[in-house]
Amino acid sequence: MSKYSIVVPAYNEEKSLRLFYDAVTPLMDSLGEEYEMIFVNDGSRDATKDILKELADADKRVKVCNFSRNFGQQAALLCGLQAASGDAVIAMDADLQDPPEVALQMIAKWKEGYDVVHGKRGKRRGETLFKKATAFFYYRFLRKITGLDMPKDVGDFKLYDRKVVDAIVSLGEHDRLLRAQVTWVGFKQTFIEFERPERVAGETHYTLKKMIRLAESGIFPNTDYTLTLPIKLGLLLGFASVACLITFIVLACCDIAFGGLIAWLFPTVGALAAIILVCQGMANIHTSMIYREVQNRPKYIVAEKLNFEE
Ligand code: UDP
Ligand code: MG
């Protein structure tokens, strides 16, 4: 028999929590297996803490971590993953935008042998055009610049096998975007497509500022693209300037008129700018290497070993 952990980050979710509990418990009970529900109260200012206390008092399978302030959904998810003791962990939002019946389908996929089951958002109801459009372009951009083969249109609604949880928790970096990390650690992954309903109550907590922070956590720990860009631009500009200079010298030697003294400005200024960009780029590569050292990710992750002594 397996044990499941449901991990739920909750920030000012007083209106959703009981509805969430009432929707999820009968479904999980129907499995006839052991489970726990870990709510991480991310510094809520409403009655979230009291409601969670009541739920925990009435049901010992409900476990609660109260943060000292609002640290953000990614930190709450990490806390839940660290606290979970299940063989499989399912992360879900508290607002029932992640349909509980899809969690059961995820468990079925896990039993088939998948280590990660992503919830892939088909239609998204009740979300602004701005949010849908920014998410659409951001995740495609992120895939391109990080080279990570992240499934498109997935959020944090997923099932993780125990070994995936352990691998993710072992990553040392401070700024985390779980959806990028789960791709980085590898293992056998699949997805289930679902229609994302509207929030059951309350409003989104993702302000523009929080969305930008989240976007940064996806980009900077996962690529050094931004740091190596100057060296690429510098080399390009350098080649263009040298080619221009050679052309001008040839034209001057052949006595062909081509725009006078001012024209020499482009290759000379261009060459100087190229030198500066290349020097900056080299310093950036150093910064990037230092970052990798500080980030201290494992050099590799072993999924399976054969014929090794325990
Ligand atoms: N959340 C959190 N901390 C935050 C913001 C959100 O723990 O600072 C939780 C929130 O309670 C919910 C989940 O993260 O369970 C997703 O948040 P929300 O529904 O506001 O995001 P959206 O679905 O609009 O992207
Ligand atoms: Mg939501």
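Laboratory data are not the source of any read-out in this text; all were calculated from the coordinates shown. All values reported here derive from a predicted model rather than from experimental measurement. No Cβ is skipped: glycine too gets one built from the backbone with ideal geometry, and neighbour counts run over all protein chains shown.
For this structure, a couple of remarks:
- Estimated FRET transfer efficiency when R0 is 45 angstrom, pair Asp255-Ala283 (beta carbons, to 0.05): 0.55
- Nearest 10 degrees, 0 to 90: helix 208-219 Cα axis against the chain principal axis: 70 degrees
- Counting DSSP beta bridges with both ends in the chain, the antiparallel % (nearest 5): 25 percent
- For the chain, size of Cβ-based charge dipole, Lys and Arg +1, Asp and Glu -1, in debye: 780 debye
- Flagged links, alpha-carbon separation over 21 Å, of Lys152/Lys188; Lys3/Lys152; Lys144/Lys305; Lys53/Lys163; Lys3/Lys163; Lys3/Lys123: Lys3/Lys152; Lys144/Lys305; Lys53/Lys163; Lys3/Lys123
- Tensor-based shape of the stretch 100-142 (alpha-carbon gyration tensor, a/c under 1.5 rounded, otherwise prolate or oblate): oblate
- Restricting the stretch 215-310 to trypsin sites (Lys or Arg not before Pro) that sit in a DSSP loop and have at most 12 other Cβ atoms within 10 Å of their own Cβ leaves Lys299, Lys305.
- Summing Cβ point charges (Lys, Arg +1; Asp, Glu -1) relative to the Cα centre of the stretch 95-160 gives a dipole of roughly 380 debye.
- Shown here for the stretch 233-280: chymotrypsin sites (Phe, Trp or Tyr not before Pro) in loop regions (DSSP other than H, G, I, E, B) with at most 12 other Cβ atoms within 10 Å, namely Phe258.
- Here Lys132 and Phe220 are evaluated by their C-beta separation; at R0 = 35 Å the FRET efficiency comes out at 0.90.
- Distribution of pairwise C-alpha distances over the stretch 138-278, 5 Å bins, in %: 2, 8, 13, 12, 12, 10, 8, 6, 6, 6, 6, 5, 3, 2, 1, 0
- Three-way shape label, the chain, alpha-carbon gyration tensor, a/c 1.5: prolate
- Ranked by how many other beta carbons lie within 10 Å on average, peptides 141-152, 206-217, 90-101 from highest: 90-101, 141-152, 206-217
- Restricting the trypsin sites (Lys or Arg not before Pro) of the stretch 16-65 to loop positions (DSSP other than H, G, I, E, B) with no more than 12 neighbouring Cβ atoms within 10 Å leaves Arg45, Lys60.
- Long-range tail of P(r) for the stretch 58-209 (Cα pairs > 29 Å, %): 15 percent
- With the charge dipole of the chain set up from +1 on Lys and Arg Cβ and -1 on Asp and Glu Cβ about the Cα centre, the Cα lying farthest toward the positive end among the listed residues Asn66, His118, Val102 is that of His118.
- Net charge over other residues, Cβ less than 13 angstrom from the Cβ of Arg162 (K, R count +1; D, E count -1): -2
- Label point distance in nm, Ala240-Leu27, each placed 7 Å from Cα along Cα→Cβ: 5.4 nm
- Calculated FRET value between Thr247 and Ile290, using beta carbons and R₀ = 45 Å, to 0.05: 0.65
- Placing pseudo-labels 7 Å out from each Cα toward the beta carbon at Leu208 and Arg125 gives an inter-label distance of 2.9 nm.
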